[in-house]
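Presented below is the structure to which this report refers.
A short reminder: the numbers here are calculations on the coordinates, not readings from a lab. Fair warning: this is a prediction, and the values are worked out from it, not measured in the lab. Neighbour counts are summed over all protein chains in view; Cβ atoms, including those assigned to glycine, are modelled from backbone coordinates with ideal geometry.
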Amino acid sequence: MVYGRDDATLWTLLTPPTVWALHFLFAYVAAAMACGETPFALGPVRVAIGVATAFALGLIALAWRQAYRHWGRGADRPPHDAPTDEDRQRFLGFATLLLCGLSAVAVVFSALPAVFLSDCR
Amino acid sequence: MLTGRPVHAAAAGRPGRVAVARRAAAGALALTLAACSGPQSALDPAGDAAEAIAGLFWVLLAGAAVIWALVIGAAVFALRFKTRPISERAGLRLVLWGGAVVPTLILSVLLVYGLRLMPLLRDPAAELRVEVVGEQFWWRVTYRPEGGPAVVSANEVRVPVGARVEFSLDAADVIHSFWIPALGGKVDMIPGRSNRLALRATRTGTFRGVCAEFCGPAHTRMAFPVVVMEPEAFRAWLAEQAREASPAGNETFLANGCGGCHAVRGTPATGTIGPDLTHLASRLSLGADLLPNDAASRARFVAEVDTLKPGARMPGFGMLPPAEAAAIADYLGSLE
């Protein structure tokens, strides 16, 4: 599991962008399949993308909470570049925090077209 | 340094350096602005979709100018006026807000502003349907007026002003893209799929559409005139286009096999591989807006199509005896 870990690793770092990638793939493939089957109707896909977006943002929030803990809750300022285990943890935690922000924005941006487009044209 | 010299130059009746620079700048600005108008400019809109797109462009340009001024202003301030460094905490905060939060907010606003236009550009409530098929390297155009017969034409699009026209866009061979910058955005034409584009012209005039996706050697020679007409004039024009042509004078045309590829409705020429020629002489241009539509160009097109439009399926007929070439050109000229 990449959640509920005591230590930050490359895997916890990669979690938020992976969620973003899967959300993007889901939205893209679902819309493409719906448009291939019945042109001009996107209703169910828009709902599904809404649910997937809420789910993805929830996962990213969990990753954020964990990364905040790994970072040391802001006890020290970046760049966390001392060659110690503690700084390695804080560096990974802080980098994950930044990736959480980026991934959350990206998930919202890739879901926004579903708010405005109601059919496949 | 320059202040002394222009006085002498002006006294001698010659413009000074500053005046020359000013004139050059004014000339460059005039040239730049002149490039914004014309029959093929998205910044000189003649349709509501193009107006929305041009508005989007100006908003983006103004926003970009403001951001550019702020960033350069901050850089100049930091280099020339702020001599003592700010604290590390303040620096981090500046990076967080100036580098992440504010750009994200600006991009969010721009994204919503742009996405909000998309449903408008695809509004399906159409008063006229026009099917356009992109082919290497010309446009097959079929008008489907409500309650009337379909009218086949090619390489020219005419629409009534003020009416919402729905274009159904297909491709016969490779991907093309249908773009009338003065009327709206571009939409790709993809083999095996019909894309739709709704346009509403807001003023009459003659504009230019182009293929906006590279489609082969003569891609740049695949354009079409777009004529926005008063509704009455459009109805009359469409009725005229629906009329069949007279077969008089078509013996040489048929004898050389032209009818195998081209249709002239009302005659034995029924080919559908190339453009319909029934009212060729009434069109504004020849060869997908390549040449003016006059007698000399019609003769030249038939003789040299292989060099005028490299990659086109029609062979050049330069080997025809002059009398036969002239007879074909005369016949084409009679197809009003």
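Could you list all residues from the range B:99-150 that are touching a Lys or Arg at 6+ places or on another chain (Cβ under 7 Å), of a type in the set (Lys, Arg) and assigned to a strand (DSSP E or B)?
Those that are touching a Lys or Arg at 6+ places or on another chain (Cβ under 7 Å), of a type in the set (Lys, Arg) and assigned to a strand (DSSP E or B): B:129, B:144.
Looking for something more than 10 Å from every other protein chain (Cβ to nearest Cβ), in contact with a Lys or Arg (Cβ under 7 Å, 6 or more places away or on another chain) and not in a helix (DSSP H, G or I) - is there at least one such residue anywhere in the range B:76-96?
No.
For the range A:7-121, which helices (runs of 4 or more DSSP H) that fit wholly inside it have 3 or more residues that are within 12 Å of chain B (Cβ to nearest Cβ) and surrounded by 15 or more Cβ atoms within 10 Å (Cβ to Cβ)?
Working: elements: A:10-37, A:43-70, A:85-116.
Fully inside the range A:7-121 and qualifying: A:85-116.
Condition check: within 14 Å of another protein chain (Cβ to nearest Cβ), within 36 Å of the chain's Cα centre (by Cα) and under 30 Å from residue B:196 (Cα atoms). Does residue B:114 satisfy that?
On the way: within 14 Å of another protein chain (Cβ to nearest Cβ): yes; within 36 Å of the chain's Cα centre (by Cα): yes; under 30 Å from residue B:196 (Cα atoms): yes.
In short, yes.
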